[in-house]
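Here's the structure we're looking at; comments come further down.
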Ligand code: ADP
Ligand code: MG
């Protein structure tokens, strides 16, 4: 079973990798965006870890809804409301249980990803974070490590696609040949989940 500490470890592991990879995320956002994705998420996850330390929520749902609220209020750009919705909706689906199973987490995360698709209107293949998140949720039933590998593969597979959503869609065909920054950060989020699970 997964308790609030597991979810806290997920968020702090993600914050650490976002810190490490911030320059890379911003560099990916430079040719097909406005070169702010790394700094956006760094600001957001710094706020997430600070809020978790201060408020110390006692349930998995509490950790994720607090994290989602922080991302919505601190991350500028498209990715803030989208990641915020992902975590808030996932947290809401987990309810107020003290511990949840991996199966419950998988179903909750699926609800979270569905909410991101509803909010942003992106489908798989549009070259967004969805291209990493959907395969990750599909593989999560197998293992955390499988989810991490699927997210990473999904992010890499955005390279030959033309963007149909978000700022990258403005550059049209010139988005082809660049890996999507949001799919790349989503792979970091799922890697953080695997790290929290010790996989
Ligand atoms: P902005 O584009 O406002 O500068 P960021 O640079 O922080 O925001 O985030 C860009 C990322 O957000 C993209 O790489 C993409 O993965 C994701 N994104 C943008 N629009 C959408 C959308 N409608 N649905 C899903 N993801 C999106
Ligand atoms: Mg940007």
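Keeping to the range 116-144, report how many residues are under 21 Å from residue 164 (Cα atoms) and assigned to a loop (DSSP other than H, G, I, E, B).
Residues meeting the conditions: 9.
Report whether or not residue 90 is within 18 Å of residue 197 (Cα to Cα) and buried (at least 23 other Cβ atoms within 10 Å of the Cβ).
Values: within 18 Å of residue 197 (Cα to Cα): yes; buried (at least 23 other Cβ atoms within 10 Å of the Cβ): yes.
It is true that residue 90 is within 18 Å of residue 197 (Cα to Cα) and buried (at least 23 other Cβ atoms within 10 Å of the Cβ).
Residue by residue through the range 93-115, note down the ones that are part of a helix (DSSP H, G or I) and either within 18 Å of residue 197 (Cβ to Cβ) or touching a strand residue (DSSP E or B) at 6+ places or on another chain (Cβ under 9 Å) (or both). Walk me through it before giving the result.
Step one: filter the range 93-115 for residues part of a helix (DSSP H, G or I), giving 93-94, 102-115.
Once the filter is applied, which keeps residues that are part of a helix (DSSP H, G or I) and either within 18 Å of residue 197 (Cβ to Cβ) or touching a strand residue (DSSP E or B) at 6+ places or on another chain (Cβ under 9 Å) (or both), the range 93-115 yields 94, 102, 103, 104, 105, 106, 107, 108, 109, 110, 112.
Confirm whether residue 119 is touching a residue at least 24 places away in the same chain (Cβ under 8 Å), under 21 Å from residue 40 (Cα atoms), surrounded by fewer than 18 Cβ atoms within 10 Å (Cβ to Cβ) and away from ligand 2 (no atom under 16 Å from the Cβ). I'd like the intermediate steps shown before the answer.
Numbers: touching a residue at least 24 places away in the same chain (Cβ under 8 Å): yes; under 21 Å from residue 40 (Cα atoms): yes; surrounded by fewer than 18 Cβ atoms within 10 Å (Cβ to Cβ): yes; away from ligand 2 (no atom under 16 Å from the Cβ): yes.
Against the criterion (touching a residue at least 24 places away in the same chain (Cβ under 8 Å), under 21 Å from residue 40 (Cα atoms), surrounded by fewer than 18 Cβ atoms within 10 Å (Cβ to Cβ) and away from ligand 2 (no atom under 16 Å from the Cβ)), residue 119 qualifies.
What is the one condition in (1) within 14 Å of ligand 2 (Cβ to nearest atom); (2) touching a residue at least 24 places away in the same chain (Cβ under 8 Å); (3) over 12 Å from the mean Cα position of the chain (by Cα) that residue 170 does not satisfy?
Single failed check for residue 170: (2).
Of the conditions (1) within 16 Å of residue 8 (Cα to Cα); (2) more than 16 Å from ligand 1 (Cβ to nearest atom); (3) surrounded by fewer than 17 Cβ atoms within 10 Å (Cβ to Cβ), residue 46 satisfies every one except a single condition; which number is it?
(2)
All of the numbers you see were taken from the coordinates with simple rules; none came from a lab. These figures come from a predicted structure and were not determined experimentally. Please note: Cβ atoms are built from the backbone with ideal geometry, for glycine as well, and neighbour counts cover all protein chains shown.
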